[in-house]
Amino acid sequence: GLSHPDTLMTMNRRAAVLLKLKRRQEAVEVCRQSMAYKQELCNSFQPQRMPLLLSMIQVLEGLDQQREAEVVFRSVLKRCEETLGPGHPVIVELMEAFADYLWRSS
């Protein structure tokens with residue numbers, strides 16, 4: 001279905017390819033469709049979904065949607081800490097990705 005992580009990952013990849021092809025408007029539309037399902041993922045975080053969430057954030061960055069990307073990062077980080085605990089390796093990886101994102105966007 002449309003909210004399945006594999007479908008969303010494919011949509012993110014498609015948006016990234018469209019960006020590289022300089023087809024920004026199409027990429028924005030694909031990203032919007034994909035982001036419509038992000039809240040469900042953030043509310044039911046599972047470690048195997050991490051690559052999907054990180055790819056969503058990369059697409060948002062590419063679309064110059066830094067504020068939305070930061071909201072997604074913070075939401076995912078909070079949910080992960082609640083689910084896995086603050087010292088879990090996924091939390092460390094996500095915090096590193098968030099720090100990289102903040103560095104690039106400053």
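Structure data summary
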quantity	calculated
Solvent-accessible ranking of M50, M95, largest area first, probe 1.4 Å	M95, M50
Separation in nanometres of the label points that stand 7 Å from Cα toward Cβ, at T7 and D100	2.9
Value of D in µm² per second that Stokes-Einstein yields for the range 54-100, Kirkwood Rh from Cα pairs, at 10 °C (1.306 mPa s)	147
Stretchable slack from V17 to T83, in nm (0.36 nm times residue separation minus alpha-carbon distance)	20.5 nm
Solvent-accessible surface ranking, highest first, for T7, T83 at 1.4 angstrom	T83, T7
Simple spin-label estimate for R74 and E26 in nanometres, 7 Å along Cα-Cβ	3.4
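The values are calculated or read from the model by the stated rules, or taken from the named source; none is laboratory data. All values derive from a computational prediction rather than experimental measurement. Cβ: placed from backbone, ideal geometry, glycine included. Neighbour counts: every protein chain shown. For the accessible areas, the whole protein counts, side chains as well, though only heavy atoms, and no ligand, DNA or RNA atoms are used. Shrake-Rupley method; radii C 1.70, N 1.55, O 1.52, S 1.80 Å.
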